[in-house]
1. Considering 14, 34, which residue is open to solvent by less than 100 Å² (accessible area, probe 1.4 Å), more than 15 Å from the chain's Cα centre (by Cα) and on the phi < 0 side of the Ramachandran plot?
2. Could you pull out the residue among 61, 118, 139 that is modelled with pLDDT of 90 or more and open to solvent by 70 Å² or more (accessible area, probe 1.4 Å)?
Amino acid sequence: MAEFTPITTQEQLEAVLAEKLKEREKGASKELEELREKAGRVQGLEKALKDANAKAAGQEKEAGELRAKIKGYETTEVKTRIAHEVGIPYELAGRLSGEDEESIRKDAENMMKLVGRKPTAPLADPEGIAKDKDEELRKMLHELDGKGE
């Protein structure tokens, strides 16, 4: 243990106080430097957080746009499929309206009433009896006989 020496003069008191003030200033300056370092790290983290938030906001916006695009493709696919099932021409499939499959189908059926009946492929020769190609050419040549050049 250090021995205690009493302070008897003003100069001794001022010297002891000056020494204590220097020790406190060293400790305070050291703490101040540590606080400045921490503040710098906090500022760096805040900047990184702002950058991350901005990037996340951009990605969320892009994701929203992609979701909307996907929904549009899905709706177009449903409209095209229903138009095909009901018999509406492909060109009119885009004119169908509705939010879900049921409402689109209802609109397609209503449109079909306006457009007409579903076209069917002919089952037989519409002119009657199927003819041979050579027979048609002979008939044409016979009609031209004497009337042409």
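The values are calculated or read from the model by the stated rules, or taken from the named source; none is laboratory data. All figures in this text were calculated on a predicted structure; none of them were measured in a lab. Backbone-built Cβ (ideal geometry, glycine too); neighbour counts: all protein chains shown. Keep in mind that these areas ignore ligands, DNA and RNA; they rest on the heavy atoms of the full protein, side chains included. Shrake-Rupley method; radii C 1.70, N 1.55, O 1.52, S 1.80 Å.
1. Answer to the selection: 34.
2. Testing whether each residue is modelled with pLDDT of 90 or more and open to solvent by 70 Å² or more (accessible area, probe 1.4 Å) leaves just 61.
To keep it simple, each residue is scored yes or no on (1) touching a residue at least 60 places away in the same chain (Cβ under 8 Å); (2) among the small types (Gly, Ala, Ser); (3) in a helix (DSSP H, G or I).
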{"residue": "26", "(1), (2), (3)": "no, no, yes"}
{"residue": "37", "(1), (2), (3)": "no, no, yes"}
{"residue": "41", "(1), (2), (3)": "no, no, yes"}
{"residue": "44", "(1), (2), (3)": "no, yes, yes"}
{"residue": "80", "(1), (2), (3)": "no, no, yes"}
{"residue": "97", "(1), (2), (3)": "no, yes, no"}
